[in-house]
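To start, the structure itself, in structure tokens.
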Amino acid sequence: MSENIESVLHENRLFQPDEAFVSQARINPERLKELHRQAADDYEGFWAERAREEILWHKPFTETLDRSKAPHFRWFADGHMNVSYNCLDRHLAERGDKTAIVFEGEPGDTQTYTYRELHAAVSQFANALKAQGIRRGDRVVIYMPMIPEAVIAMQACARIGAIHSVVFGGFSAEALKDRVNDAEARMIITADGGHRGGKIVPLKAAVDKAIEHGTPSIERVIVFERTQHGVPMIEGRDLSWADAIAGQSSDCEPEWVDSEHPLFLLYTSGSTGKPKGIQHSSAGYLLTAILTNKWVFDLRDDDVFWCTADVGWITGHTYVAYGPLAVGATQLMYEGAPTVPDGGRFWKLAAEHNVSVFYTAPTAIRALMKLGDAFPNAYDLSRLRLLGTVGEPINPEAWMWYHRVIGAERCPIVDTWWQTETGSHMIAPLPGAVATKPGSCTLPLPGIMADVVDEDGKPITDPDRGGYLVVKQPWPSMLRTVWGDAERYRKTYWGMFDGRYYLAGDSARKDADGYFWIMGRIDDVLNVAGHRLGTMEVESALVAHELVAEAAVVGRPHEVKGEAIVAYVILRGERPTGADAEAMVNTLREWVAEEIGPIAKPDEIRFSEGLPKTRSGKIMRRLLRSIAKGETITSDTSTLENESVILQLQGKA
Ligand code: PRX
């Protein structure tokens, strides 16, 4: 793993929380100390108290943590509750007329839902799902643009105990098909299309193609008319959203489920070619969705929160569809690209909707930073009081720009480390209590026993040494299993340290102050513009092409995207050159877009007659990474089966 620990940052700037911020923060330094002390003294008691404070229980739980089937841990297992009830019904008395969601589409159309209206819309759609035969435990795939109906569909599933699996609208028909089949979903909820980058994303067409290619479990497709560009509907299978809700009541008694009832599946990439369905629970998941929105985002009643993530990712689950609603916040949802009509769109949205807490990815910050300060400077961003980042390490330069230009040196920045698997923030500063350092996600949250250990599981105390990022105690919002593959769950996350620690898959370093610095993945997972992709996934897509004999994919550092995808390909026929090679590159890039989605298109494809392998036949990825970066190959390559291949891969032969 040492090969994956590349740049070790040494950043000494320290930003103390502003006094004005501290005096109003939900969590001040004393409260934080108290929470940490309680979690250290009585771990289960700490979580039980939080769960009693934050969740409205239909039937209270008596047992906090059941370790008997470890690593399949169970939290609050004998309690009954409903997530949608906890997000909507609980606010009706006090915040019924408060704005829950204010939406702006890419074309500029807007729409607002109060909590009462959202509650009615969710209940009505929940009744529509029931009318179509969807029951507790059924899987429903949601493949939608970033519009309020996506949240309504998710909340409606939660309301009736159906398990949703949101598939990001940027994934292709093939990727959609695989996810539908793995989950054995009965229904797909989609839209005719969505607006993105000035174009229409043809979602319904992709659904049609996925079903055509074989999704035997799908009985029904519900289609929301967003773009109204006229899509063919298949009689007996497809139903418009409007027809589905027609005549349905806007009252729907929530289905009371037990705490461990699966709330959703979310497919993510790992180190094999097949994405895994990460399964989350109801109560444990909701608990830290609530806590982190309060602790890390410090959300208050007068805030306008904007998380720019799509609901197709975990960030859009916890910090759009569930957490902000559960704490009764007002949030902005935006459908489109950050640069339509120009690079000022995000800042214009933030200014016009009075956004006070803003959460985005470093890749977006870097891309917008490149466009210059004039865009943000043209808008009044004085309502902003807190900024956040997620998804990848943020380089200090981008951090400082965010701090200076967007936050006017006034707003704390919360760099939040977490994963699809962890459900919510794990390592992040509490803005009124923890000083920040550019590029560090700082310290674990109360109740999160994260650490950095060596191969033997021993804590690393040397601040210059990296190691494995682990979590030493189960926590409420952890994944429960990999859908349909408990063995993969055990092996991937609990295998390395004999079931003692959760292995995150990241390497990290802890500095002398105990601050965490994430260094990157230890497995073959790429992080491209904040999107998680498996190298094997891209390789399988490439070799599925009839002309490709073999492929190896690696990441290369990229200024804006964090990582770029480089593919080395061996074709079945002759190695193409000149215009033939160029044409082949285009064909293969389009092919990958069809197989996975445009986000997985290799940035660069190089053809060769072989791949560097050890004599035992293992592809030397480290070497491929060096070649991709353009480094001079100094290490001894004489153990390679075919040394001349190196020159071809470097483009020198
Ligand atoms: O490598 C870490 C990186 O993103 C991975 C998780 O990806 P995903 O499941 O798609 O979830 C992304 C949104 C939570 C992690 O294993 N990562 C996430 N947040 C950070 C990060 N790397 C550095 N700093 C972060 N704040």
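The values are calculated or read from the model by the stated rules, or taken from the named source; none is laboratory data. Here the structure is a predicted model, which means the values were calculated and not measured. Note: ideal-geometry Cβ built from the backbone for every residue, glycine included; neighbour counts use all protein chains shown. Heavy atoms of the whole protein, side chains included, go into the accessibility calculation; ligands, DNA and RNA do not. Shrake-Rupley method; radii C 1.70, N 1.55, O 1.52, S 1.80 Å.
For a Förster distance of 45 Å, can you work out the FRET efficiency between the beta-carbons of Ser68 and Ile200, rounded to the nearest 0.05?
Step by step, r from the Cβ atoms, then E = 0.30.
Treating the beta-carbon of each Lys and Arg as +1 and of each Asp and Glu as -1, no other charges, what is the dipole magnitude of region 42-127 about its Cα centre, to the nearest 20 debye?
The dipole of region 42-127 has a size of about 300 debye.
Taking the Cα centre of region 69-193 as the origin, how large is its charge dipole in debye, to the nearest 20, when only Lys and Arg (+1) and Asp and Glu (-1) carry charge on their Cβ atoms?
Rounded to the nearest 20 debye, it is 660 debye.
Give me the accessible area per residue for region 103-250, probe 1.4 Å, as a whole number in Å².
Using a 1.4 Å probe on heavy atoms only, each residue of region 103-250 averages 35 Å².
Mind checking which helices in the chain clear 27 Å along their axis (Cα) and have mean Kyte-Doolittle hydropathy of -0.5 or more, DSSP H runs only?
none
If the label point is 7 Å along Cα→Cβ of Ser382, which residues in region 327-357 have backbone nitrogen under 20 Å from it?
347-357
Using +1 at the C-beta of Lys and Arg and -1 at the C-beta of Asp and Glu, which of Val201, Ile218, Thr308 has the Cα lying farthest in the positive direction of the dipole of the chain?
Most positive-ward Cα: Ile218.
Under 20 Å from the Cα of Lys204, which lysines turn up, not counting those fewer than eight places away in the same chain?
Those lysines meeting the cut-off are Lys177.
One-quarter of the Cα convex hull surface for region 322-400, in nm²?
That works out to 5.7 nm², a quarter of the Cα hull's surface.
May I ask you to give the percent of accessible area on region 137-260 that is carbon plus sulfur, with a probe radius of 1.4 Å?
Carbon with sulfur: 47 percent of the solvent-accessible area.
Taking every DSSP beta bridge that has both residues in the chain, what percent is antiparallel when rounded to the nearest 5?
55 percent
Roll a 1.4 angstrom probe over the protein heavy atoms and tell me the percent of accessible area of region 529-650 that is carbon or sulfur.
The C+S portion of the solvent-accessible surface of region 529-650 is 47 percent.
If R₀ is 35 angstrom, what is the calculated FRET efficiency for the pair His213 and Thr614, using the beta carbon separation as r and rounding to 0.05?
So the FRET efficiency works out to roughly 0.40.
Taking the dipole about the Cα centre of the chain, with the C-beta of Lys and Arg at +1 and of Asp and Glu at -1, give me whichever of Pro393, Ile448, Gly247 is farthest to the positive side.
Farthest along the dipole direction, towards plus: Ile448.
Once the dipole of region 529-650 is set up with Lys and Arg at +1 and Asp and Glu at -1 on Cβ about the Cα centre, which of Ala551, Leu571, Leu533 lies farthest towards its positive end?
Leu533
Antiparallel DSSP bridges in region 84-217: what percent, to the nearest 5?
Bridges in region 84-217 that DSSP calls antiparallel: roughly 50 percent.
Structure shown: which of Lys601/Lys629; Lys276/Lys618; Lys33/Lys59; Lys59/Lys98; Lys69/Lys472 lie over 20 Å apart, alpha-carbon to alpha-carbon?
Violating the 20 Å Cα-Cα cut-off are Lys276/Lys618; Lys33/Lys59; Lys59/Lys98.
Which value, in Å² rounded to 10, gives the accessible area of Ser644 with a 1.4 Å probe and all protein chains present?
Surface open to solvent at Ser644 totals about 60 Å².
When only C-alpha pairs under 8 Å and at least 6 residues apart count, what is the relative contact order of region 506-627, in percent?
20 percent
Suppose every Lys and Arg Cβ carries +1 and every Asp and Glu Cβ carries -1, with no other charges. What dipole size does the chain come out with about its Cα centre, to the nearest 20 debye?
Result for the chain is approximately 400 debye, rounded to the nearest 20.
Based on DSSP, what percent of beta bridges with both residues in region 529-650 are antiparallel, to the nearest 5?
About 75 percent, rounded to the nearest 5.
Okay, helix-only estimate at 222 nm for the chain: each DSSP H run of n ≥ 4 adds -39500 (n - 2.57), divide by all residues, round to 500 deg cm²/dmol; what do you get?
-8000 deg cm²/dmol, from helical runs alone.
Run through region 121-176 and list the trypsin sites (Lys or Arg not before Pro) located in a DSSP loop whose Cβ has at most 10 other Cβ atoms within 10 Å.
Loop-located and lightly packed - none at all.
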